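Please treat every number below as a calculation from the coordinates, not as lab data. Predicted model, so just to flag it, every value in this text is computed and none were measured. Please note: Cβ atoms are built from the backbone with ideal geometry, for glycine as well, and neighbour counts cover all protein chains shown.
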Amino acid sequence: MRLELLSQQGLIKQLLHESIDRFLYMADKTGTLWENIHTRASLNHGFASHMAHLFYRDLLGVKSYSLQKKQIFIEFYDTDIESCSGNILLGDEQFYLHWKKGGDLLLYSYTAPPGYQIQIQNNSSLTLQKDDGLLSEANRAE
């Protein structure tokens, strides 16, 4: 719940650092997250999937999407991450987003299924610049 409150307040850097402090040792030790602070508790894969959702939303920037309306909302924030990429399944199709920092720029690129409207909001201190060359760069890195 605390991480959701940080997200609602736009405190994404703090969300990232608290997530690392609170959960990284769990993932390193068992490959998942725990309900409590010891391994005798349930290893809660449902909670781990919520954390993945939170990271896609707040760190990658895919704020929300609608299959019915064919809309995707992207929202960028300041983070201590230098680059990020991910894809989301939209029925039988997928949306892919990649971004990286370059000086005072936040370079981004995406591929979306035909007919989807993409809306972008920049809450970061960087200037947004679309760079379709990032897609081929990201594919080479994978």
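Table for the structure above
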{"read-out": "Subset of Lys70/Lys101; Lys29/Lys100; Lys13/Lys63 violating a 18 Å alpha-carbon distance limit", "value": "Lys70/Lys101; Lys29/Lys100"}
{"read-out": "Structure-derived percent of Cα pairs over 26 Å apart - corresponding label in (1) 31; (2) 23; (3) 45", "value": "(1)"}
{"read-out": "Segment Leu24-Ser7, extension gain: residue separation times 0.36 nm, minus the distance between their alpha carbons", "value": "4.2 nm"}
{"read-out": "Gain in span if fully extended, Gln121 to Glu93, counting 0.36 nm per residue against the direct Cα distance", "value": "7.7 nm"}
{"read-out": "Proximal lysines to Lys69, defined as alpha-carbon separation beneath 25 angstrom and excluding residues fewer than eight positions away on the same chain", "value": "Lys130"}
{"read-out": "Ranked by how many other beta carbons lie within 10 Å on average, peptides 94-101, 11-18 from highest", "value": "94-101, 11-18"}
{"read-out": "Residue-averaged [θ]222 nm for the chain, counting only DSSP H segments that reach four residues, each worth -39500 (n - 2.57)", "value": "-10000 deg cm²/dmol"}
